[in-house]
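Note sheet for the following structure.
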Amino acid sequence: MYASREDIGYEFGDDSKVGSKPIKPNPNIDGGWAWMIVLSSFLVHILIMGSQMALGILNMEWLEEFNQSRGLTAWVSSLSMGITLIVGPFIGLFISMCGCRTTAIIGGILNALGWILSAYASNVHYLFLTFGVTAGIGSGMVYLPAVVMVGQYFQKRRALAQGLSTTGTGFGAFLMTALLKYLCTEFGWRNAMFIQGAISLNLCVCGALMRPLSPKDLREKYVVRSDSEENRAKALSHSTETIKSNGVLGEEPEKKEEAANEEVLGSVQHTEVGGKSGSGRSMYGLRLFKTVSQLTVTVRKGFALWYSSYFGAASLFTNRVFVAFIIWALFAYSSFVIPFIHLPEIVKQYNLSRQDNVFPLTSIIAIVHIFGKVILGIISDLPCISTWNVFLVANFTLVTCILTLPLMQTYVGLAVVCALIGFSSGYFSLMPVVTEDLVGTKHLANAYGIIICANGISALFGPPFAGWIYDITQKYDFSFYIAGLLYMVGIIFLLMQPCIQKKQSREKSTEEAQV
């Protein structure tokens, strides 16, 4: 149905040289500290994504406090959710320069600051800045490293690891909803946000657990991957050469950059030695100068890697399947968010509030979503199953449910469709795996940053667009139909590009054979 990375030929870099050396696998890859990384990512999803899915509690408090329109007040939650994902590409720059651990700790502090400052809000526009922007950026600085680190520590069980870590979203939706409701009832919404800000400081602890792998550990991970793919290397040679000739990310620019950096550091060290011998400058000044120079080199190297990934000749955008993946992401996430926003109103219109109060439809989505992530992750890790095929089947199931949901007017029918939406949307745990399959582990941070940025745009504008359609038609039916059709367009883009790439690869192989 769909080709995996090996079939498409998007292996970025040449691991064959490394694979020729027998190196003992690192115990921390697929085991050991890797499970601490999963725990850290799980807690991040609880504290960030779970809290955002529980913002409906605070939204009601803000409506009552500031007496503003529902549309204006809803932008506070939309900004927080959207910015968390939209800042992904820029967070990739921070990761390139500072690493995942430092980026996550800074993000945890910023997120907590946003919650605490929001407790002193005097109007909705104040919340736009403190909660929507400040807390949103802080959330993005923790969320992306949490996803990237799991991808770095796992090779054989990546899908399962991502599935386990992202189940924190479902658990967080239950825990944070109950917590915020209790805090608002007992202490008021301002004190509730202050306490939630203190709780969010635990994101710094999660960031501290993100111990980076050494270059040696990364090489050992590539050895495992190279050994597992050795039997297929000959069959893939033609397609791999085709992709490389079309602008795959190369290693030469980075090697030249490293050489330039070493030259700069060498000059700094020479200056320090000269200062010791005859310049008379203080050692403190020389050490400060060397530290600043090393920091400058690190920033330049990180920015060069980030810039080349996005805008250079070896840009990620030269990977046409990855571009199709971005187009898909622009339409996909809103189809998951829109039911969470508008289902309560649909239930009210159908006079199903009594049944929904007993067991809310959004809770059904959240509960089954947890199991969907784990089960789809386990299935994808089976040797005989392609992650791409699981990903596609789940997408087709979800888009079918979105198109079917307006036709259901009974609680049982809506509950069944919501359960399928929750299970099929478990493919979110496969997105980092799919992204890594397209661009490789080395470029996962930047690539996944682009994908979640596209999801953020979808989350930011999807629900308001659905509400605008309702204002025109006085029905939610067309909102789901249009969202489902746009979602289907994204899936078609995802299907077309590998077929075109394979065709071009066969044509080039035929031309080379004729020559």
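Structure notes:
- Accessible area per residue for the stretch 70-114 is 36 Å², calculated with a 1.4 Å probe on protein heavy atoms, without ligands, DNA or RNA.
- The stretch 71-120: C-alpha pair distances exceeding 12 Å, %: 71 percent
- Distant alpha-carbon pairs in the stretch 27-210 (separation over 23 angstrom), percent: 38 percent
- The stretch between Phe396 and Met283, if pulled fully straight at 0.36 nm per residue, gains 34.1 nm over its current Cα-Cα span.
- Accessible-area composition of the stretch 306-501, carbon plus sulfur, in percent [1.4 Å probe]: 73 percent
- Once the Cα-Cα distance is subtracted from the 0.36 nm per residue extended length, the Val299 to Asn351 segment shows a gain of 12.9 nm.
- FRET efficiency for Leu129 and Thr410, using Cβ-Cβ distance with R0 set to 41 Å, rounded to 0.05: 0.40
- Averaged per residue, the stretch 165-213 has 43 square angstrom of accessible surface, using a 1.4 angstrom probe with ligands and nucleic acids left out.
- Computed extension gain for Gln474 through Val292, at 0.36 nm per residue and net of the alpha carbon distance, reaches 59.4 nm.
- Accessible carbon and sulfur surface of the stretch 27-210 relative to its total accessible area, %, 1.4 Å: 68 percent
- Student exercise, the stretch 27-210 dipole from Lys, Arg, Asp, Glu Cβ charges, in Debye to nearest 20: 440 debye
- Overall, the stretch 306-501 carries a charge dipole of about 20 debye about its Cα centre when +1 sits on the Cβ of Lys and Arg and -1 on the Cβ of Asp and Glu, all other atoms neutral.
- Average accessible surface for the stretch 306-501: 38 Å² per residue, computed with a 1.4 Å probe over protein heavy atoms with every protein chain in place.
The values are calculated or read from the model by the stated rules, or taken from the named source; none is laboratory data. In this text the structure is predicted, and so the values were computed from the model without any measurement. We place every Cβ from the backbone using ideal geometry, glycine too, and count neighbours over all the protein chains shown. Only protein heavy atoms, including side chains, enter the accessible area calculation; ligands, DNA and RNA are left aside. Shrake-Rupley method; radii C 1.70, N 1.55, O 1.52, S 1.80 Å.
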